[in-house]
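Engineer: A single structure is presented below for examination.
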Amino acid sequence: MKMATSVEEYIESQEVYKKGLEILRELMLSTDLQETVKWGMPTYTINNKNVIGISAFKHHFGIWFFNGVFLTDPHQILYNAQEGKTKGLRQLRYTDVNEIDKSIILAYVYEAIDNQRKGLEIKPAKKAIVIPKELANVLAENDKLAGLFESLTVGKKKEFAEYINSAKREDTKMKRLEKIIPMILNNIGLNDKYR
C-alpha cells in the first residue's frame with residue numbers, strides 16, 4: 001500500500017475504520033492543532049511540534065499522543081503500544097465509533113496541547129555507537145577508509161555499525177562488511193535511498 005499524501009487520501013483508504021477516523025479528524029480540527037501528513041498518516045502539530053496522530057490498524061483505530069507519557073490519564077484508557085520499548089507515545093484505541101466519547105477525547109487532546117506548549121517532551125537518549133570488531137579491524141588497516149568513516153554523520157556511522165552488529169553469524173558479518181566498504185568510500189549511507 002502506498003503512503004497517503006493527504007489526510008483525505010489516508011481516510012478514504014481505510015475501509016473498516018473510515019467513519020471513526022472522520023470523527024477523530026473533526027475533533028482535531030476543532031482545536032488549535034495544525035493538520036499535516038507525516039509517515040503517510042494524519043498528524044497534528046503545534047508550532048511544528050508533533051502532538052497527535054490518528055491512524056487505523058488491523059484490529060483498531062485511534063489517536064497517538066506523541067508525548068502521551070505526560071498525560072494524567074484520569075480515565076486510565078491510554079495504551080503503551082510496546083511496554084518497555086515505547087517511551088513517550090501513548091494511544092487511545094477504538095474498535096467501534098460508538099466507543100468514542102468526544103468530551104473525554106477533547107480533554108486529553110487539550111492536555112496534550114498544553115503539555116506541548118509547556119515544552120514537555122521526551123528527548124531521545126543518545127546511544128554510544130558500538131563499532132563491531134570486524135569494522136574496527138578494517139578501519140585500523142586502512143587510513144583512507146578510517147578517515148572517510150570518521151567524516152560520516154553520526155547517523156550513517158550508527159547504521160553501518162548496527163548493520164554489522166545485528167548479524168548473528170560471522171560469515172554474514174563479513175558479507176555485510178564487504179557491502180558497506182564501497183558505501184563508506186562514496187559517502188553513501190545504508191538508508192539514503194529512503195531519505
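The values are calculated or read from the model by the stated rules, or taken from the named source; none is laboratory data. These figures come from a predicted structure and were not determined experimentally. Cβ coordinates were reconstructed from backbone atoms using ideal geometry, including for glycine residues, and neighbour counts include every protein chain displayed. Note: accessible area is taken over every heavy atom of the protein model, side chains too, but ligands, DNA and RNA are not part of it. Shrake-Rupley method; radii C 1.70, N 1.55, O 1.52, S 1.80 Å.
Engineer: For segment 181-195, what are the residues that are out of contact with any Asp or Glu (no Cβ under 9 Å at 6 or more places or on another chain), within 11 Å of Lys156 (Cα to Cα) and of a type in the set (A, V, I, L, M)?
Structural biologist: Ile184, Ile188
Engineer: Being among the hydrophobic types (A, V, I, L, M, F, W, C), under 16 Å from the mean Cα position of the chain (by Cα) and at pLDDT 95 or above is the requirement here; does Val97 meet it?
Structural biologist: Spelling it out, it is not the case that Val97 is among the hydrophobic types (A, V, I, L, M, F, W, C), under 16 Å from the mean Cα position of the chain (by Cα) and at pLDDT 95 or above.
Engineer: Condition test on Glu8, is it modelled with pLDDT of 95 or more, open to solvent by 30 Å² or more (accessible area, probe 1.4 Å), in a helix (DSSP H, G or I) and not basic (Lys, Arg)?
Structural biologist: So Glu8 passes the test.
Engineer: Which condition number in (1) within 21 Å of Lys123 (Cα to Cα); (2) in contact with a strand residue (DSSP E or B) (Cβ under 9 Å, 6 or more places away or on another chain) is the one that Gln82 fails?
Structural biologist: (2)
Engineer: Still on this structure, I have one more. Counting just the residues of segment 14-37 that are within 21 Å of the chain's Cα centre (by Cα) and in a loop (DSSP other than H, G, I, E, B), which one comes out surrounded by the most Cβ atoms within 10 Å (Cβ to Cβ)?
Structural biologist: Leu33
Engineer: In addition: State all residues of segment 38-55 that are surrounded by fewer than 17 Cβ atoms within 10 Å (Cβ to Cβ) and touching a residue at least 60 places away in the same chain (Cβ under 8 Å); if no residue qualifies, say none.
Structural biologist: Across segment 38-55, the qualifying residues are Asn47, Lys49.
Engineer: Any chance you could count how many residues in segment 51-77 are within 29 Å of Glu9 (Cβ to Cβ) and of a type in the set (Ser, Thr, Tyr)?
Structural biologist: Total satisfying the criteria: 1.
Engineer: Ok, one more. Can you find even one residue in segment 90-101 that is aromatic (Phe, Trp, Tyr) and over 30 Å from Met183 (Cβ atoms)?
Structural biologist: Yes, some residue in segment 90-101 is aromatic (Phe, Trp, Tyr) and over 30 Å from Met183 (Cβ atoms).
Engineer: Can you confirm whether segment 38-50 contains a residue that is in contact with a Ser or Thr (Cβ under 6 Å, 6 or more places away or on another chain) and either part of a helix (DSSP H, G or I) or among the aliphatic types (A, V, I, L, M) (or both)?
Structural biologist: The answer is yes, given that some residue of segment 38-50 is in contact with a Ser or Thr (Cβ under 6 Å, 6 or more places away or on another chain) and either part of a helix (DSSP H, G or I) or among the aliphatic types (A, V, I, L, M) (or both).
Engineer: For segment 56-97, give me the residue count where each residue is open to solvent by less than 70 Å² (accessible area, probe 1.4 Å), touching a residue at least 40 places away in the same chain (Cβ under 8 Å) and outside any loop (DSSP other than H, G, I, E, B).
Structural biologist: 8
Engineer: Could you tell me whether Lys102 is at negative phi, open to solvent by 40 Å² or more (accessible area, probe 1.4 Å), touching a residue at least 60 places away in the same chain (Cβ under 8 Å) and in contact with a helix residue (DSSP H, G or I) (Cβ under 7 Å, 6 or more places away or on another chain)?
Structural biologist: yes
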